[in-house]
Amino acid sequence: MSERTVITFGTFDVLHVGHVRLLARARALGSRLVVGVSSDQLNLQKKGRLPVFPQEERLEILASLGAVDEVFLEESLELKRAYVLNSGAAVLAMGDDWLGKFDELSDVCDVVYFERTPSISTTAIIEQILGDAD
Ligand code: C2G
């Protein structure tokens, strides 16, 4: 059977079940899952803060998961087309907080958006921990 590569992108900071479900669903669309892990600098640009876990640790955590076959550092949102082409991906899968944002890549791969897992986010986890510490 020929290989079908799926690619996804994200920060995956303070890994939680929403991330894990997204990765499992993405992996199920093919036979190989490649994950572009957003760099610390890219996160700072996008969200105005550095991730809790530095990029080397986030790469190591993602690479250790059974659903993930390969990881690389995503350094710029503008390079998405090049990353997709380099990986040989047939499918780009993202959570629906990005709905429509990557449709321009549909000339090189299928673009799929999954419903986000409700009521969980890294930001909410950080706020809960900070609140509990008071
Ligand atoms: N996710 C989800 N359910 C949640 C939280 C996150 O399905 N409750 C999904 C997001 O939709 C995303 C993936 O998990 O597809 C990673 O989430 P983030 O780390 O928040 O990704 P983000 O910082 O949005 O980075 O180039 C695109 C960016 O790198 C995406």
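Put simply, of Leu33, Leu65, Leu105, Leu42 the only residue that is surrounded by 13 or more Cβ atoms within 10 Å (Cβ to Cβ), farther than 18 Å from Phe12 by Cβ and either among the polar types (S, T, N, Q) or in contact with a helix residue (DSSP H, G or I) (Cβ under 9 Å, 6 or more places away or on another chain) (or both) is Leu105.
Screening the stretch 99-134 for residues that are assigned to a loop (DSSP other than H, G, I, E, B) and touching a strand residue (DSSP E or B) at 6+ places or on another chain (Cβ under 7 Å) and picking the one that is nearest to the ligand (Cβ to nearest atom) gives Arg116. Give Leu92, Leu105 a once-over and let me know the one that is touching a residue at least 60 places away in the same chain (Cβ under 8 Å) and closer than 14 Å to Ile7 by Cα. Going through Leu92, Leu105 in turn, just one is touching a residue at least 60 places away in the same chain (Cβ under 8 Å) and closer than 14 Å to Ile7 by Cα: Leu92. Residues of the stretch 31-46 that are within 15 Å of the chain's Cα centre (by Cα) and without any contact (Cβ under 8 Å) to a residue 40 or more places away in the chain: Arg32, Leu33, Val35, Val37, Ser38, Ser39, Asp40, Leu42, Asn43, Lys46.
Conditions (1) part of a helix (DSSP H, G or I); (2) more than 10 Å from the ligand (Cβ to nearest atom); (3) at pLDDT 95 or above; (4) not aromatic (Phe, Trp, Tyr), marked per residue:
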site	(1), (2), (3), (4)
Leu22	yes, no, yes, yes
Gly30	no, yes, yes, yes
Gly36	no, no, yes, yes
Lys46	yes, no, no, yes
Gly66	no, yes, yes, yes
Leu73	no, yes, yes, yes
Arg81	yes, yes, yes, yes
Met94	no, no, yes, yes
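Leu85: under 30 Å from Leu130 (Cα atoms), hydrophobic (A, V, I, L, M, F, W, C), out of contact with any strand residue (DSSP E or B) (no Cβ under 6 Å at 6 or more places or on another chain) and more than 12 Å from the ligand (Cβ to nearest atom), yes or no? When the stated conditions are applied, Leu85 does not pass them. Sub-7 Å Cβ pairs linking a first residue in the stretch 1-15 that is over 17 Å from Met94 (Cα atoms) and part of a loop (DSSP other than H, G, I, E, B) to a second residue that is more than 9 Å from the ligand (Cβ to nearest atom) and basic (Lys, Arg), at least 6 apart or interchain, are Glu3/Arg32, ordered by first then second residue. Residues of the stretch 108-134 that are under 19 Å from Leu23 (Cβ atoms), more than 17 Å from the chain's Cα centre (by Cα) and in contact (Cβ under 8 Å) with a residue 40 or more places away in the chain: Ile125 alone. With respect to Phe53, determine if the residue is at positive phi and either part of a loop (DSSP other than H, G, I, E, B) or within 9 Å of the ligand (Cβ to nearest atom) (or both). In short, no. When the stretch 1-13 is filtered for residues that are farther than 16 Å from Tyr113 by Cβ and near the ligand (Cβ under 9 Å from one of its atoms), the ones remaining, listed by number, are Thr11, Phe12, Asp13. Within 17 Å of Val35 (Cα to Cα) and surrounded by 17 or more Cβ atoms within 10 Å (Cβ to Cβ), is that true of Leu92? Taking the combined requirement at face value, the residue satisfies it.
The values are calculated or read from the model by the stated rules, or taken from the named source; none is laboratory data. Because the structure is predicted, anything quoted here is derived from the model rather than measured. Because the Cβ atoms are built from the backbone with ideal geometry, glycine has one as well, and the counts that use them run over all protein chains shown.
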